[in-house]
Amino acid sequence: EQSPLINLAMTRPAASAASAASGAVEWGEELLATPERCFADLNRARAAYHRGLECNFEWEVLAATVGSEEQLRVLGQVLQAHDASLPDVQLIVHLSFRGTVSQENMVTNLQAELVPLTLGAGTGQVHRGFQDAYLTLRRPLLEKLDGLTIGQSDQLQPSAVLVRATGHSLGGALAMMACYDLRSCRGFGCECVTFGAPRLGDAVFAQLFREEGIKLARMVNRFDVVPRLPSNHEDEVSGDQGMLQQQIHWWLGGVQERRNASGYVHFCAPVELDASAAAAALHWANAARVAATSYSKLRNLRGTGTGSRSSVASEEVAKSAEALFPHRLDSYERNLACRLGGPGIALQAALRLAKEGYQEFSARA
């Protein structure tokens, strides 16, 4: 069942138009004018985390190293195109790449050295872990796609195939790699929507990506740390998240330089889902509510065993960290609904969360 926030957002599709910057509008901002598409991409990104096939996906490709459990996963679906706005497209391919779920995935994220790009034109540099992960998936993925697209008919032109890829976190980086690969080596049209994705490569690779004509929408939460990684000292530090950005670079800048992990850029401007003052109020109201709930739970554990207290404390710390630095898809869904629904929706949600936090704290005090 959809949340009330999403239902309200779906009834106000024009709310995002006023937020677009003057002059050239990024494709991500244009995408906000179609709430159904935005939520569909988010739900596809979420489906990659779930067992089985959801959101009408028809197949999956898994990749794992010898002696370990599955590490990487992509879901796929191929549809006949029936969209009057895409007269030259015959097939639409939906791809959803799963994000971090294992220690092996964490190792991939931390292998942040910039190495030469081996796909397409082969110039520019890319995150070593992300490129290695995609190359692990690449062969079975291409075999699957070729069999379902250009392998089906000699009459089907590559340009008549449109790939719509999405992913959250690590999955977003892999979706971008796939779009660059499928555009440069197969000639498919590509659209990519990411949620909380980290940086992928340097300025040369970013330019190659743009020159391929790939449409990219980079959805971010302002306080999400992951889209700020690997760190770049040239990032803007204005606003209430500026101190966070400065601290991240202070912590990581030296380490990145020693590991040849400096020079990362983003490939397009972000679509900040929580950029308004009302959204900032929602962020802090949610953080306060979670803190109040965690405090109440910890107080109730007085006198219990050490093991029980440690377990609950770890869980509550994780919840508080997520509230302060929202990275999970649930927070992206909430902020997307508020961005599409307008500041009034975000303010209503903030007031409700603040009330819940106060009631929780008062009841336990």
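The values are calculated or read from the model by the stated rules, or taken from the named source; none is laboratory data. Please read all numbers here as calculations on a predicted model, not as lab measurements. With ideal geometry, Cβ positions are generated from the backbone for all residues, glycine too; neighbour counts draw on all protein chains shown. Keep in mind that these areas ignore ligands, DNA and RNA; they rest on the heavy atoms of the full protein, side chains included. Shrake-Rupley method; radii C 1.70, N 1.55, O 1.52, S 1.80 Å.
Points to keep in mind about this one:
- Test: residue in the range 198-205 that is open to solvent by less than 20 Å² (accessible area, probe 1.4 Å), in contact with a helix residue (DSSP H, G or I) (Cβ under 8 Å, 6 or more places away or on another chain) and farther than 19 Å from Gln111 by Cβ: no
- Of all residues in the range 124-180, those that are touching a helix residue (DSSP H, G or I) at 6+ places or on another chain (Cβ under 7 Å), farther than 26 Å from Phe195 by Cα and either at pLDDT 95 or above or surrounded by fewer than 18 Cβ atoms within 10 Å (Cβ to Cβ) (or both) total 1.
- Some residue of the range 49-56 being at pLDDT 95 or above and surrounded by 14 or more Cβ atoms within 10 Å (Cβ to Cβ): yes
- Glu70 being at pLDDT below 90, open to solvent by 40 Å² or more (accessible area, probe 1.4 Å) and under 18 Å from Lys144 (Cβ atoms): yes
- Hits in the range 286-304 (condition: hydrophobic (A, V, I, L, M, F, W, C) and at pLDDT 75 or above): Ala287, Ala288, Val290, Ala291, Ala292
- Residue satisfying all of: in the range 305-363; modelled with pLDDT under 65 and aromatic (Phe, Trp, Tyr); surrounded by the fewest Cβ atoms within 10 Å (Cβ to Cβ) among these: Tyr358
- Looking only at the range 101-123, residues that are part of a loop (DSSP other than H, G, I, E, B) and either surrounded by 18 or more Cβ atoms within 10 Å (Cβ to Cβ) or not hydroxyl-bearing (Ser, Thr, Tyr) (or both) come to 9 in all.
- Within the range 188-205, the set of residues being closer than 24 Å to Leu336 by Cβ and either assigned to a strand (DSSP E or B) or more than 12 Å from the chain's Cα centre (by Cα) (or both) comprises Cys190, Glu191, Cys192, Val193, Thr194, Phe195, Leu200.
- Qualifying residue in the range 104-116 (condition: over 19 Å from Leu170 (Cα atoms) and over 19 Å from the mean Cα position of the chain (by Cα)): yes
- Taking the range 206-221 as the range and being part of a loop (DSSP other than H, G, I, E, B) and surrounded by fewer than 20 Cβ atoms within 10 Å (Cβ to Cβ) as the test, the residues that pass are Glu212, Gly213.
- Scanning the range 230-266 for residues that are open to solvent by 10 Å² or more (accessible area, probe 1.4 Å), modelled with pLDDT of 80 or more and assigned to a loop (DSSP other than H, G, I, E, B) yields Pro230, Ser262, Gly263, His266.
- Test for Asp88: is it assigned to a helix (DSSP H, G or I) and either in contact with a helix residue (DSSP H, G or I) (Cβ under 9 Å, 6 or more places away or on another chain) or more than 20 Å from Arg183 (Cβ to Cβ) (or both): no
- Within the range 279-291, the set of residues being in contact with a Leu (Cβ under 7 Å, 6 or more places away or on another chain) and either free of Cβ contacts under 8 Å to residues at least 40 places away in the same chain or surrounded by fewer than 18 Cβ atoms within 10 Å (Cβ to Cβ) (or both) comprises Ala287 only.
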